């Protein structure tokens, strides 16, 4: 498929700005959130009045897991930054410009292969957390296995699609067939990620609504019921942006084979999507670390009026927080 020089120039502009300024700014914001979360978890670990050893282990695991996710995102940022430097500075005289150097040469270098691997691991870590969160909320239901099986299968399919996209990129040749295959694989991968995000979010919201109705039916409308609404709001606020970003990526990437100018926009959303996912993940870690999440015994506490409604939610870092996104909370 022939692409005009103007479209190629547009690609190059989007590519350079995205891999440098935009990704750097998004990671900087995510790093600020990471510092806040790490401080919360560290102070919980160093709290001598905390006697719950299981709680300490969960907080430590959360800190390690969160740090691993940050490292994967940082490696991706380094690979993209190196791409911008190598393509647009060191090899600006490459036939067709730096964009074609990045597409034809850099994309096959060992450092880029490492980037593909870290990207796959990053996506796996992020979506595994979401699926675990769904299981935690449904674990007391007889339908818990049925609820999580679809997201699990979707995650496995997404990982397979991601690996295939990486392989196609490595062996890429200048042919319309491979280009169309690449667009199709990206569409499948994005659709699977969007499906996981939506299924998990809706599954959690539905479960909380059902428990809330049961609570109101047994005890009537109380202030305790507002805790359910608060948890739903947390989830919606944290993952609405991620879902919107995935939808935009899917739309523009799928239309890119027909309208090349839209493919340039799709590449922007595709490149920045991991950092949006990272920010959404850290927002949940931060809020749940302050005691605003759903634990494995939250349903029991709420339905027996054992929830401590008067406990202030402050930033004094004395709130008892369990593992927010990888162990026993959502």
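For the reader, a short list of remarks on this structure follows.
- Treating r as the C-beta distance of residue 56 and residue 25 and R0 as 56 Å, the FRET efficiency rounds to 0.95.
- FRET efficiency for residue 124 and residue 13, using Cβ-Cβ distance with R0 set to 41 Å, rounded to 0.05: 0.80
- Largest to smallest principal axis extent of the C-alpha atoms in region 1-94, angstrom: 66, 26, 17
- In angstrom, the C-alpha Rg and Dmax of region 20-145 are 20.1, 66.
- Placing pseudo-labels 7 Å out from each Cα toward the beta carbon at residue 184 and residue 144 gives an inter-label distance of 4.0 nm.
- Residue 152-residue 5 FRET efficiency (beta carbon distance; Förster radius 56 Å; 0.05 resolution): 0.75
- Dividing the radius of gyration of the alpha carbons in region 124-167 by their Kirkwood radius gives 1.10 for Rg/Rh.
We did not get these values from a lab; they are worked out from the coordinates using the rules stated. Computed from a predicted structure; not experimentally measured. Virtual Cβ from ideal backbone geometry, glycine too; neighbours counted across all protein chains shown.
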